[in-house]
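Enquirer: Mind looking over this structure? Questions follow.
The values are calculated or read from the model by the stated rules, or taken from the named source; none is laboratory data. Quantities reported herein were computed from a predicted structural model and do not represent experimental measurements. All Cβ positions, glycine included, derive from the backbone under ideal geometry; neighbour counts span all protein chains shown.
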There are 4 protein chains.
Amino acid sequence: MSTTVELFSAPAAEQDLAVVNLRELEDRAAKVLQTGPFGYISGGSGDEITLRENVEAFDDYRIVPRYLTGLDEPDISTEIFGTKVAAPIFCPPMAAHGLAHITAELGSSHGWGEANCPYTMATLSNTLIEHIATAHPAGPKWFQLYFAKDKGLNAELLQRAKAAGATAIVFAVDLERPGNREADMKNDFHFPSILKFPNIPGALAGESLGEIMKLFKHGLDWDDVTFVREASGLPVIVKGLLSPHDAKMAIEYGASAIGVSNHGGRQLDNVPGAIVALPLITDVVQGRVPIFLDGGVRRGVHVLEALALGASAVGVGRPTLYSLALGGWLGVHDMIEHLKQEFALAMKLSGAARVKDIHAGMLVPQTTSIRFRQS
Amino acid sequence: MSTTVELFSAPAAEQDLAVVNLRELEDRAAKVLQTGPFGYISGGSGDEITLRENVEAFDDYRIVPRYLTGLDEPDISTEIFGTKVAAPIFCPPMAAHGLAHITAELGSSHGWGEANCPYTMATLSNTLIEHIATAHPAGPKWFQLYFAKDKGLNAELLQRAKAAGATAIVFAVDLERPGNREADMKNDFHFPSILKFPNIPGALAGESLGEIMKLFKHGLDWDDVTFVREASGLPVIVKGLLSPHDAKMAIEYGASAIGVSNHGGRQLDNVPGAIVALPLITDVVQGRVPIFLDGGVRRGVHVLEALALGASAVGVGRPTLYSLALGGWLGVHDMIEHLKQEFALAMKLSGAARVKDIHAGMLVPQTTSIRFRQS
Amino acid sequence: MSTTVELFSAPAAEQDLAVVNLRELEDRAAKVLQTGPFGYISGGSGDEITLRENVEAFDDYRIVPRYLTGLDEPDISTEIFGTKVAAPIFCPPMAAHGLAHITAELGSSHGWGEANCPYTMATLSNTLIEHIATAHPAGPKWFQLYFAKDKGLNAELLQRAKAAGATAIVFAVDLERPGNREADMKNDFHFPSILKFPNIPGALAGESLGEIMKLFKHGLDWDDVTFVREASGLPVIVKGLLSPHDAKMAIEYGASAIGVSNHGGRQLDNVPGAIVALPLITDVVQGRVPIFLDGGVRRGVHVLEALALGASAVGVGRPTLYSLALGGWLGVHDMIEHLKQEFALAMKLSGAARVKDIHAGMLVPQTTSIRFRQS
Amino acid sequence: MSTTVELFSAPAAEQDLAVVNLRELEDRAAKVLQTGPFGYISGGSGDEITLRENVEAFDDYRIVPRYLTGLDEPDISTEIFGTKVAAPIFCPPMAAHGLAHITAELGSSHGWGEANCPYTMATLSNTLIEHIATAHPAGPKWFQLYFAKDKGLNAELLQRAKAAGATAIVFAVDLERPGNREADMKNDFHFPSILKFPNIPGALAGESLGEIMKLFKHGLDWDDVTFVREASGLPVIVKGLLSPHDAKMAIEYGASAIGVSNHGGRQLDNVPGAIVALPLITDVVQGRVPIFLDGGVRRGVHVLEALALGASAVGVGRPTLYSLALGGWLGVHDMIEHLKQEFALAMKLSGAARVKDIHAGMLVPQTTSIRFRQS
């Protein structure tokens, strides 16, 4: 095991990627990443049913475009928590960007910052929060919290993040224990010892995710949401929810937003794809708080669909790490700009002039016509 | 890039094709066309979901035939805008037939004319409208307009088309900007400089579609339909619609027909297949104007299905260019005659004596029996 | 073409086949049959959607077995038109068994006769009706009529068949013109000139099916059913129906049975699979006459399903020709006995003691449980 | 045939397996088992539709997890017939474990006993009941009865089992005759003569299952349930039921539990997968007796789904024999412990603290969101 750790090295290229689409980045990244890190990043849990459904379920809908609306160029910018951002796209929290590139979170945050879109700094970063924040010249920064057993540490982390410029807290509630990730089992994956987790004391290098998670509280409850809210004084996004019940509870406990997510299909397998869960959450939230979705977004039309079904913005996770591996911050930036272009084209061609014009009536289930005729 | 352009050459064969079915033409054409042109012609946008659904969704229905009706030979002829044509089949507008064959639009129009079926002359032809018209000895000719920024140019084009014999205008409203066509991105496809677009001033050779489209108006609106109608004095088919709302609007603005189309799956991906969108359009049009459909028609049974679901005639696009590439006007003619035969056989074997006898009651959704038994 | 014809030879083996299942016979037969004959026998029309649906749609149902019913050995025998037969299985009409084996219809009828199941003598046999009849020692014999343009010939054929022992007439109404069979087009298939059609004058050898069908009436109507009934004085099975409307009409015109069939997926493609059409026919027939189904039956559970959905017996077509090709009458007999065993086992394991105990309540749609829970 | 029998040898390894998932055990076991035994163990009947549906239909549901419930470690233990067991998982009856490993049932029962989960001793064991019982140090032991023609033998077997410690009788009612198992036909599979069936007199070695089953009663009826109940004085699980009707009858005849099973897809093919049949059984049982399910369970999430749909515990059949083949009792134990871990993780990540907290509301059909939006 230590042998594997010693041999770890991360890509270092800094370049544009000539991105044709976000899907292809996975195969390209597989060629520059080592087996263990690639398995950790790309893999899901169990039979990877949720991993696949995250992407594929976007195709369960069809977009019904409108023409002759007088629309020339759509405006893809939007406001999140009162701040204007370039597009309804953000970087969700992911651990250990150092697996993907030597610049680690400095690269990914720089890329997202240049694109003027929100970036989430993660508890399990390989870079100090304060350094990540400085690499991100523009766009809102959020901080994702894994809730430590030591409450004082939580308060300290929240205050450090706020001081570093975080404007919202992403409270990830779905990973007290890692899911059943077979790639990691087969690769006996441990974080390379060269990679540190400088934001938390005690997370030794060379450990597995399961070992690291022992530092964090098991048995989280709704009062912990209150704690995060009060200890940070910032809007709290409760992230990882898939059930309407939990969405209602989150609002009751003061959440400022709901994060619909299945952790990229990495926690419990056989849960609904994010886009599948979304409309049920939208129904109960009824516009009281924004909803953010991550999971499976690879296309401009996916962004449009998620917004039509009630999301305010969508996270783009794995493509961030793949583009980081392939081209550093330039790669990340290239990926985001490509997605922005696809999204702008989807708005243009479907007849949506502004982000807020995107609505559920633009979608029909894939098989509408036949079903309609039957009834 | 200029190298690629210099090396361009188009097929020149003139021959019958012994067509067994229209599907196989794509593979055959792939062998005689260069990579860039073949990619441009065959490709769709994005994940090509709509491209595939165009063809595959025809199989979501089953035809319920009737026998012992006393029918000997069906009559496949029909009337379109008061003119009798050999079959409810037409050539939809497509740019740059010069990519497929040295005779370009002269070949395709000749083939369709010999078959006595409507042919659409396109704004982005490689041949002058007047020359295309003369190569088409019989059958109605229509003219497809991309709406130029210069309104005078539009009026001039419409009058030239009318003078050349066009009896209807196809106003294509779904391509102000080209869709996300990855084959063209990968091939860095530009129209070969040897191919001219003689009907429009300023469309330089050697450009990409995106560059060319800058000559045309972005931000089209419904008043432009009125302009086209008044400037041409001809029936206007508003083409590229997929939403019931737009179909209603088109009728309100004086359209003489609706063109249900997703531009061959080349504009916004993830929109409904043409045959999927059709019945919803039929429901709102309620017989006030004819509906034309293009997208995915490869079989005589497809023609029958589209008519059963409300279309008056169907366009056959890519097979025109494939058969043109393989055999010039003789190839095109061969393809159309084969499709006519398949359609005649479909009418014969399903018990429809005349085109107007084809009705929705001939179809059932694929899984009817099981669903019926459940309720 | 004549070269091909001269080279024709048919298999001559007479042997047991050690049948494991009827599906595998196609691959085995492909090895002993020439390309043209195999293509003619195995092929369907168009995209072969109906050909595949015939077999696959049986899997849209699930059988719900009952246990502890006291059933030891089920009785698979049944009565058809008042005659006891060994099983609700029959040989449907098929042309030109001489393509499959040198014994032609003598082999197939002998095999079915030994199995004591009904056999249909076809108009387009390569053997005289009278000879076929003598090779079939037991079990009812039926005669299938293609309706000649010459009404006198029809009357003569019906009387010859009756004299030879036919107890019912199968009036095939779905093939005035052959379907769009691509294998035959690709193989330029003509019946080998060595094979004669001795029951009809004027059907020259070496012709295609399309040429032969010119001898028969196009434009059949319901009065022709009356003619067949009166000219034969026998029960008439109107075969090839898929629509409830036609089933009702057939009963009105005095049919003694309905033959639900799509001609083995060889006529109009994209029509419903036989087992898909069956329940709709059953609903309108309401038990007034028996229903026979052919198309896709390959398993004992398929027989059980068809009976549960309203059929009185099922035809087994291609497997007859495949087993004939592989083993002559012994092969045919072996195939039938295997199917009987599978059917007996299906009855035993589902708890049906007698054929008449099989009923619709034994089946559920494949996805019942989920759908039930939704409502 | 005798040649094959002489050459039989079973694996003998005793080792941990480093199980990553239960699915992969089949491929691994295929490498250590001979063709005939592997075909017998792995094969299903007919087209193996039910065999596949057993596993695949678990994916027709999605689990909707709840978070922030305060749950730290879930308790996966449960009570069955008043006895606490480590998990709601048991070994269902399977014949001839000697095919898989030289320790035969001694190995499998030892593994399950160490895991403290119920084990079912089978009539067709290769080991005496009394010996199997001693190898199983903990956890309930059940005895599966095939009902002999000789009623006295049944009574004797039941009393021996009870004396050996059996606390319940599994009355298997679905195999009077074996299903249509093609692997066994193709391999001409007979039990190797070296393997004895010491619990029943007269079952000679070297026979096929069909021959052996002639010792047992054909034509079982509901009174036989009464006999088993009275002759054993133990709770009776009527196993092999798929219809709500039979479940009701079983309760009426005094069954203490229902065993939902299709015999691993080995009896009648095209019957519903076990998890498909389960909710319909649950509906009629209405909690009056526990329901046990076997068929297709390969994942911790499958266990959770079955319990959510009404099962009290689930059997894990083939993986027992595969792990036995690969590692003897250590392998079996390893397999069970892995499944326990997956199940514990599924409970943890879905928010179920105790087995009895698992309920139907945790599941939705796979496509819920789209269907909801349509209505």
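Enquirer: For the condition under 15 Å from residue C:269 (Cβ atoms) and touching a residue at least 12 places away in the same chain (Cβ under 8 Å), what is the one hit in B:324, B:339?
Expert: When all the criteria are applied, what remains is B:339.
Enquirer: Checking the structure you have, find out if any residue of region C:200-215 is among the polar types (S, T, N, Q), within 22 Å of the chain's Cα centre (by Cα) and farther than 27 Å from residue C:246 by Cβ.
Expert: Yes: region C:200-215 contains one or more residues that are among the polar types (S, T, N, Q), within 22 Å of the chain's Cα centre (by Cα) and farther than 27 Å from residue C:246 by Cβ.
Enquirer: Inspect region B:91-114 for any residue being in a strand (DSSP E or B) and either buried (at least 24 other Cβ atoms within 10 Å of the Cβ) or under 15 Å from the mean Cα position of the chain (by Cα) (or both) and give the result as yes or no.
Expert: Checking region B:91-114: at least one residue is in a strand (DSSP E or B) and either buried (at least 24 other Cβ atoms within 10 Å of the Cβ) or under 15 Å from the mean Cα position of the chain (by Cα) (or both).
Enquirer: Of the conditions (1) within 25 Å of residue C:46 (Cα to Cα); (2) in contact with a Pro (Cβ under 6 Å, 6 or more places away or on another chain), residue C:298 fails just one. Which one is it?
Expert: Condition not satisfied by residue C:298: (2).
Enquirer: Looking only at region B:237-248, count how many residues are buried (at least 19 other Cβ atoms within 10 Å of the Cβ) and outside any loop (DSSP other than H, G, I, E, B).
Expert: Selection size over region B:237-248: 7.
Enquirer: Among (1) within 14 Å of another protein chain (Cβ to nearest Cβ); (2) on the phi > 0 side of the Ramachandran plot, where does residue C:58 come up short?
Expert: (2)
Enquirer: Sticking with this structure for a sec: Please determine whether any residue of region A:184-197 is among the basic types (Lys, Arg), touching a Ser or Thr at 6+ places or on another chain (Cβ under 8 Å) and either assigned to a helix (DSSP H, G or I) or buried (at least 18 other Cβ atoms within 10 Å of the Cβ) (or both).
Expert: So far as region A:184-197 goes, no, none of its residues is among the basic types (Lys, Arg), touching a Ser or Thr at 6+ places or on another chain (Cβ under 8 Å) and either assigned to a helix (DSSP H, G or I) or buried (at least 18 other Cβ atoms within 10 Å of the Cβ) (or both).
Enquirer: Same structure, new question: With in a helix (DSSP H, G or I) and touching a strand residue (DSSP E or B) at 6+ places or on another chain (Cβ under 6 Å) as the only criterion, which of D:332, D:303 stands out?
Expert: D:303
Enquirer: In addition: Just to be sure I understand the filter: pairs with C-beta atoms under 8 Å, separated by 6 or more residues or on different chains, first member in region D:62-91 and within 14 Å of chain A (Cβ to nearest Cβ) and closer than 19 Å to residue A:250 by Cβ, second member among the charged types (D, E, K, R) and assigned to a strand (DSSP E or B). Which pairs pass?
Expert: From residues that are within 14 Å of chain A (Cβ to nearest Cβ) and closer than 19 Å to residue A:250 by Cβ, the pairs are D:68/A:221; D:69/A:221; D:70/A:221.
Enquirer: Moving on. Taking only region A:270-296 into account, find how many residues are in a loop (DSSP other than H, G, I, E, B), within 13 Å of another protein chain (Cβ to nearest Cβ) and either farther than 20 Å from residue A:112 by Cα or hydrophobic (A, V, I, L, M, F, W, C) (or both).
Expert: Within region A:270-296, residues that are in a loop (DSSP other than H, G, I, E, B), within 13 Å of another protein chain (Cβ to nearest Cβ) and either farther than 20 Å from residue A:112 by Cα or hydrophobic (A, V, I, L, M, F, W, C) (or both) number 4.
Enquirer: Sticking with this one: Filter region B:297-321 for residues that are surrounded by fewer than 24 Cβ atoms within 10 Å (Cβ to Cβ), within 14 Å of chain C (Cβ to nearest Cβ) and more than 12 Å from residue B:21 (Cα to Cα) and give the result.
Expert: B:308
Enquirer: From the list B:56, B:73, which residue is modelled with pLDDT of 95 or more and within 30 Å of residue B:279 (Cβ to Cβ)?
Expert: B:73
Enquirer: Right, another one. Check off (1) surrounded by fewer than 24 Cβ atoms within 10 Å (Cβ to Cβ); (2) more than 8 Å from every other protein chain (Cβ to nearest Cβ) for residue A:263 and give me the number that stays unchecked.
Expert: The number of the failed condition is (1).
Enquirer: Now a separate question. Taking region B:249-258 on its own, how many of its residues are within 11 Å of another protein chain (Cβ to nearest Cβ) and surrounded by 23 or more Cβ atoms within 10 Å (Cβ to Cβ)?
Expert: 2
Enquirer: Taking only region C:21-32 into account, find how many residues are touching a Pro at 6+ places or on another chain (Cβ under 7 Å) and buried (at least 23 other Cβ atoms within 10 Å of the Cβ).
Expert: 2
Enquirer: Quick check on this structure: which one of C:206, C:202 is surrounded by 15 or more Cβ atoms within 10 Å (Cβ to Cβ), in a loop (DSSP other than H, G, I, E, B), touching a residue at least 12 places away in the same chain (Cβ under 8 Å) and at positive phi?
Expert: Step by step, each of C:206, C:202 is checked, and only C:206 is surrounded by 15 or more Cβ atoms within 10 Å (Cβ to Cβ), in a loop (DSSP other than H, G, I, E, B), touching a residue at least 12 places away in the same chain (Cβ under 8 Å) and at positive phi.
Enquirer: Select from region B:213-231 the residues that are modelled with pLDDT under 95 and either more than 14 Å from every other protein chain (Cβ to nearest Cβ) or assigned to a loop (DSSP other than H, G, I, E, B) (or both) and list them in ascending order.
Expert: Answer for region B:213-231, where residues must be modelled with pLDDT under 95 and either more than 14 Å from every other protein chain (Cβ to nearest Cβ) or assigned to a loop (DSSP other than H, G, I, E, B) (or both): just B:215.
Enquirer: Tell me which residues, restricted to region A:140-183, are out of contact with any helix residue (DSSP H, G or I) (no Cβ under 7 Å at 6 or more places or on another chain), part of a helix (DSSP H, G or I) and within 14 Å of chain D (Cβ to nearest Cβ).
Expert: A:182, the sole residue that qualifies.
Enquirer: Can you pull out every residue in region D:35-68 that is surrounded by 18 or more Cβ atoms within 10 Å (Cβ to Cβ), hydroxyl-bearing (Ser, Thr, Tyr) and outside any loop (DSSP other than H, G, I, E, B)?
Expert: Of everything in region D:35-68, those that are surrounded by 18 or more Cβ atoms within 10 Å (Cβ to Cβ), hydroxyl-bearing (Ser, Thr, Tyr) and outside any loop (DSSP other than H, G, I, E, B) turn out to be D:40, D:42, D:50, D:61.
Enquirer: Out of all the residues in region C:10-18, is one or more touching a residue at least 60 places away in the same chain (Cβ under 8 Å), on the phi > 0 side of the Ramachandran plot and crowded, with 21+ Cβ neighbours inside 10 Å?
Expert: No, that holds for no residue.
Enquirer: Which ones in region C:335-371 are outside any helix (DSSP H, G or I), more than 13 Å from chain D (Cβ to nearest Cβ) and buried (at least 23 other Cβ atoms within 10 Å of the Cβ)?
Expert: The one that is outside any helix (DSSP H, G or I), more than 13 Å from chain D (Cβ to nearest Cβ) and buried (at least 23 other Cβ atoms within 10 Å of the Cβ): C:358.
Enquirer: Looking at this structure, is residue D:234 more than 20 Å from residue D:311 (Cα to Cα), surrounded by 18 or more Cβ atoms within 10 Å (Cβ to Cβ) and within 14 Å of chain C (Cβ to nearest Cβ)?
Expert: no
Enquirer: Hey, another quick one. Which number in (1) at pLDDT 95 or above; (2) farther than 29 Å from residue C:83 by Cβ; (3) touching a helix residue (DSSP H, G or I) at 6+ places or on another chain (Cβ under 9 Å) marks the one condition that residue C:238 misses?
Expert: Just one mismatch for residue C:238, condition (2).
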